[in-house]
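The values are calculated or read from the model by the stated rules, or taken from the named source; none is laboratory data. Model, not experiment: these values are computed from the prediction. All Cβ positions, even for glycine, are placed from backbone atoms using ideal geometry, and neighbour counts span all protein chains on display. Just the protein is used for accessible areas: all its heavy atoms, side chains included, with ligands, DNA and RNA removed. Shrake-Rupley method; radii C 1.70, N 1.55, O 1.52, S 1.80 Å.
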Amino acid sequence: MLTKVILQANIDKVETYFERADKIVIVTHVSPDGDALGSSLGLYHFLCQQGKTVNVIVPNAFPDFLRWMPGAKDIIRYDKYAEFGDKLISEADVICCLDFNALSRIDALAAPVAAAQGRKVMIDHHLNPEPFARVTISHPEISSTSELIFRLICRLGCFEDITYEGAECIYTGMMTDTGGFTYNSNNREIYFIISELLSKGIDKDEIYRKVFNTYSEGRLRLMGYVLYDRMQVYPQFRSALITLSKVEQSRFQYVKGDTEGFVNIPLQMKGICFSVFLREDSDKNMIKVSLRSVGNFPCNKVAAEFFNGGGHLNASGGEFYGTMEEAVELFKRALVKYEDLLLKN
């Protein structure tokens with residue numbers, strides 16, 4: 001049995017919204033990752049099973065290694081089909097906002113979603129949700145938004161309506177947002193959920209291979225270059241830094257998703273508890289910041305204080321508008337400020 005994490009009042013409201021809705025739109029954050037797509041497509045398959053007209057709209061492209069996911073081919077990219085997306089959002093009875101806690105996280109989608117008359121439901125596991133939705137299901141203690149989708153469906157009494165395809169998507173989201181169940185995954189109920197998803201017939205080993213073992217030659221060569229040439233280790237702070245410019249990305253035929261997981265690699269070194277990856281964004285004039293830690297070091301606090309971001313204790317992200325040199329200096333300032341915590345961890 002699962003703990004009843006979601007408030008019954010929220011379950012009741014969502015049940016009413018879904019029952020009364022004909023058209024439902026699901027939106028998720030910019031540069032969707034495995035949990036964003038896993039939760040969105042997991043809910044998509046469930047609602048289709050309920051006979052609803054459902055569309056998933058994302059702000060921009062998602063990684064190639066997630067294109068195998070059932071339903072991915074039907075996802076609408078707003079950066080390509082904005083007019084169509086606006087129409088769907090304006091006509092939706094319910095808009096499900098998954099895996100983000102603020103409208104700014106959906107980029108150009110923010111304006112049409114904010115203006116829409118449809119009932120908005122936020123389902124997310126990030127800290128400090130903004131009050132833009134009628135129903136806010138926010139649980140930072142839960143491993144992934146995909147896990148929350150599973151819990152929601154079960155609380156609605158609809159476990160039997162989770163299809164094989166939906167189970168694949170939910171599992172993928174849970175797996176990717178915990179680094180293959182290597183962090184934020186000590187709650188034993190996670191493994192009960194996995195067992196229930198396996199009962200739907202999914203092959204978790206095959207899912208792992210599809211996500212983690214189908215990379216391009218360019219990604220592998222880029223990884224080698226990054227580890228040899230672009231990783232700096234700061235043993236006195238138990239930390240490591242990786243930087244990557246747009247020019248360097250182009251040398252290895254970079255496509256979205258090719259640097260997924262790079263930030264975790266330095267944590268494999270003995271004694272390193274904090275890792276940061278600074279990458280010049282290929283679409284915008286900014287630097288994407290990824291932060292990871294082990295133990296009790298709060299990389300989310302570093303993200304919030306220095307890089308306009310946030311997230312979880314051990315996995316966070318942010319943005320920096322400036323040069324790479326300035327971003328590196330900011331990282332070094334963070335190390336000095338958090339030296340005591342880094343050495344105690």
Going through region 267-287 in order, the residues found to be closer than 19 Å to Ala327 by Cα, without any contact (Cβ under 8 Å) to a residue 40 or more places away in the chain and either of a type in the set (A, V, I, L, M, F, W, C) or surrounded by 17 or more Cβ atoms within 10 Å (Cβ to Cβ) (or both) are Ser275, Phe277, Arg279, Met286
Output for region 99-123, where each listed residue is closer than 23 Å to Gly42 by Cα, of a type in the set (Gly, Ala, Ser) and outside any helix (DSSP H, G or I):
Ala102, Gly118
Restricting attention to region 62-73, does a residue exist that is more than 25 Å from Glu168 (Cβ to Cβ) and touching a helix residue (DSSP H, G or I) at 6+ places or on another chain (Cβ under 8 Å)?
no
Given the conditions (1) open to solvent by 30 Å² or more (accessible area, probe 1.4 Å); (2) outside any helix (DSSP H, G or I); (3) touching a Phe, Trp or Tyr at 6+ places or on another chain (Cβ under 9 Å), every one holds for Pro140 apart from (3)
Looking only at region 316-330, count every residue that is over 24 Å from Asn184 (Cα atoms) and open to solvent by less than 40 Å² (accessible area, probe 1.4 Å) and tell me the total.
6
Taking region 10-31 as the search range and keeping residues that are modelled with pLDDT of 95 or more and in contact with a Pro (Cβ under 9 Å, 6 or more places away or on another chain), which one is surrounded by the fewest Cβ atoms within 10 Å (Cβ to Cβ)?
His29
Among what's in region 302-315 and is within 19 Å of Asp177 (Cα to Cα) and either modelled with pLDDT of 90 or more or touching a strand residue (DSSP E or B) at 6+ places or on another chain (Cβ under 8 Å) (or both), pick the residue that is most open to solvent (accessible area, probe 1.4 Å).
Leu313
Out of region 126-137, which residues are open to solvent by less than 50 Å² (accessible area, probe 1.4 Å) and closer than 8 Å to Asn101 by Cα?
His126
Working carefully through the options Leu103, Leu148, Leu152, Leu127, find the one that is under 22 Å from Asp33 (Cβ atoms), modelled with pLDDT under 95 and among the hydrophobic types (A, V, I, L, M, F, W, C).
Leu127
Go through (1) farther than 30 Å from Glu141 by Cβ; (2) in a helix (DSSP H, G or I); (3) free of Cβ contacts under 8 Å to residues at least 40 places away in the same chain and name the single condition Gly218 misses.
(3)
Selected residue (criterion: surrounded by the fewest Cβ atoms within 10 Å (Cβ to Cβ)) from residues of region 147-183 that are β-branched (Val, Ile, Thr) and assigned to a helix (DSSP H, G or I)
Ile153
